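Working notes for the structure below.
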Amino acid sequence: MIRPARPDDVPAILKMIRELAEYEREPDAVEATEADIERALFSEGAAAHAHIAEEGGEAVGFALWFLNFSTWTGRHGIYLEDLYVRPEMRGRGLGKALLTELARVCAERGYRRLEWSVLDWNTPSIEFYRSLGARPMDEWTVFRLDGGALDRLGGRG
C-alpha cells in the first residue's frame, strides 16, 4: 500500500534515511533529527512531502519530494529527493508503486516533470529507472554549494 506520510511515520522515515545513507556509502552524513523531518513535512507551509510504502502495517519504503519549477514549461514538477525500499522488501514492486504514485500526482496537478538524481555507480537503480522509461540527463552536471563555501558566499564566514 502506498499512502501519504503521517506524523507518526517520522521515526521510520528517519531510520530509512539512515539506511539509505549507509547504502550510499555516507553513513555519517545524516544530520537530520526527527524534529527536523517532522518540521519539514508537517509544519504549516511545509515544502517537503513524503509517501510511504507500507506492508503489514509497517513502513518499508518511502519517497520524499518537493516541488521544483521549470521556466521552460512554466509549470511545477516534482523533485524526488529520496526513494528507498528496505533491501528485504525489494523486488516486490514497491519502488515502482512509489514512483507511480508520484507520476499520478504530477498528472493530477498538471506538473510536467518528475526528476531525481542517482549515483553513477548505482547500476541496479539506474537499470530500474530506465525500465520505467526514465532517461538520464547526461549533459547536465549537478553542482552543490554547502558548508564553508556556502557560508562565505552568503556572508556568514
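The values are calculated or read from the model by the stated rules, or taken from the named source; none is laboratory data. Please read these numbers as outputs of a predicted model, since none were measured by experiment. Neighbour counts are summed over all protein chains in view; Cβ atoms, including those assigned to glycine, are modelled from backbone coordinates with ideal geometry.
Among the residues of the stretch 70-93, write down those that are more than 18 Å from residue 18 (Cα to Cα) and surrounded by 14 or more Cβ atoms within 10 Å (Cβ to Cβ).
Result: 75, 76, 77, 78, 79, 92.
Which members of the stretch 114-134 meet the condition of being among the hydrophobic types (A, V, I, L, M, F, W, C), closer than 23 Å to residue 72 by Cβ and under 14 Å from the mean Cα position of the chain (by Cα)?
Within the stretch 114-134, 114, 116, 118 qualify.
Among the residues of the stretch 1-35, what is the count of those that are without any contact (Cβ under 8 Å) to a residue 24 or more places away in the chain and acidic (Asp, Glu)?
5
How many residues are among the basic types (Lys, Arg) and either under 18 Å from residue 71 (Cα atoms) or in contact (Cβ under 8 Å) with a residue 60 or more places away in the chain (or both) when one looks only at the stretch 94-147?
3
Restricting attention to the stretch 1-41, which residues are part of a helix (DSSP H, G or I), of a type in the set (A, V, I, L, M), over 15 Å from residue 80 (Cβ atoms) and in contact with a Leu (Cβ under 8 Å, 6 or more places away or on another chain)?
Of everything in the stretch 1-41, those that are part of a helix (DSSP H, G or I), of a type in the set (A, V, I, L, M), over 15 Å from residue 80 (Cβ atoms) and in contact with a Leu (Cβ under 8 Å, 6 or more places away or on another chain) turn out to be 10, 37.
Being aromatic (Phe, Trp, Tyr), over 16 Å from residue 51 (Cα atoms) and surrounded by 14 or more Cβ atoms within 10 Å (Cβ to Cβ) is the filter here, so list the residues in the stretch 94-121 that pass it.
Passing the criteria: only 111.
Residues checked against (1) acidic (Asp, Glu); (2) within 14 Å of the chain's Cα centre (by Cα); (3) at pLDDT below 95:
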site: 74; (1), (2), (3): no, no, no
site: 89; (1), (2), (3): no, no, no
site: 100; (1), (2), (3): no, yes, no
site: 112; (1), (2), (3): no, no, no
site: 141; (1), (2), (3): no, no, yes
site: 145; (1), (2), (3): no, no, yes
site: 151; (1), (2), (3): yes, no, yes
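Checking the condition surrounded by 12 or more Cβ atoms within 10 Å (Cβ to Cβ), of a type in the set (Asp, Glu) and over 21 Å from residue 129 (Cβ atoms), which residue from 8, 36 passes?
Just a single option satisfies the conditions, and that option is 36.
Out of the residues in the stretch 42-55 that are without any contact (Cβ under 8 Å) to a residue 40 or more places away in the chain and closer than 17 Å to residue 81 by Cα, state the one that is surrounded by the fewest Cβ atoms within 10 Å (Cβ to Cβ).
If we take residues in the stretch 42-55 being without any contact (Cβ under 8 Å) to a residue 40 or more places away in the chain and closer than 17 Å to residue 81 by Cα, then 47 is surrounded by the fewest Cβ atoms within 10 Å (Cβ to Cβ).
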